[in-house]
Amino acid sequence: MTRTPQPPLLFLDVDGPLIPFGTTSRPHPTYETGPGAPGTGANPLLTRVNPQHGPRLAALPCELVWATTWVEDANAWIAPRIGLPPLPVVHWPEPSDADGREDQDERDGLHWKTRALVARAAGRPFVWVDDEITDTDRAWVAVHHPGPALLHRVDPRWGLADRDYTAVGAWLRGVAVAGDA
């Protein structure tokens, strides 16, 4: 029996990549999703979520996973707005589980998500799409993750854009080709 390798993971943040924020010279675009769209009253920033992200994300050759502080709320409020099914969610470790590493990581400039995402990937290739990724995170992942990884920083003023989909898609296709070799 031939084992089919698992596809790469794509860890996706919400604030910044899907909900643009920050200073721009023009207002952020907003999108109508119909009267039954979940969460709009509770969070008016949800109108900034472009529904076209759903089909574009679904077309990528990977397994999508929410990597956001929205945790399960991403499935309740974001996924339906962009036409995605419920996705797996990264559940972040409690600060008490960090054994003091969290303070040292912060002093060293390591993002608080980095260790948890590498642990969740468990050696699988992965892309992390976030607006807070730094070179410190990239260097740490290069040393501590045995598989390929792309840490892709999105400009939070604009959110995911064509150039981001191009870069992530090319990397994912490259990993798939390398895995077939």
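Nothing in this text is a laboratory measurement; each read-out follows from the coordinates by a stated rule. What you are looking at is a predicted structure, and each value in this text was computed from that prediction instead of being measured. Positions of Cβ are backbone-derived with ideal geometry, glycine not excepted, and every protein chain shown enters the neighbour counts.
At 0.36 nm per residue, and after removing the present C-alpha to C-alpha distance, how many nm does the segment from F21 to A170 gain when stretched out fully? Walk me through the numbers on the way to the answer.
Values: separation 149, 0.36 × 149 = 53.64 nm, distance 2.62 nm.
Stretched fully, the F21-A170 segment lengthens by 51.0 nm.
Can you tell me how much longer the chain between L87 and Y31 gets when fully stretched, taken as 0.36 nm per residue apart minus their C-alpha distance, in nm with one decimal? Walk me through the intermediate numbers first.
Values: separation 56, 0.36 × 56 = 20.16 nm, distance 2.21 nm.
Full extension from L87 to Y31 adds 17.9 nm.
Taking a point 7 Å from the Cα of T69 along the Cα-to-Cβ direction, the residues of the range 110-137 with backbone N closer than 17 Å to it are 110-117, 130-134. Amide H to amide H, with H built 1.01 Å from N, V127 comes under 5 Å of L9, L10, F11, L150, counting only residues 5 or more places away or on other chains.
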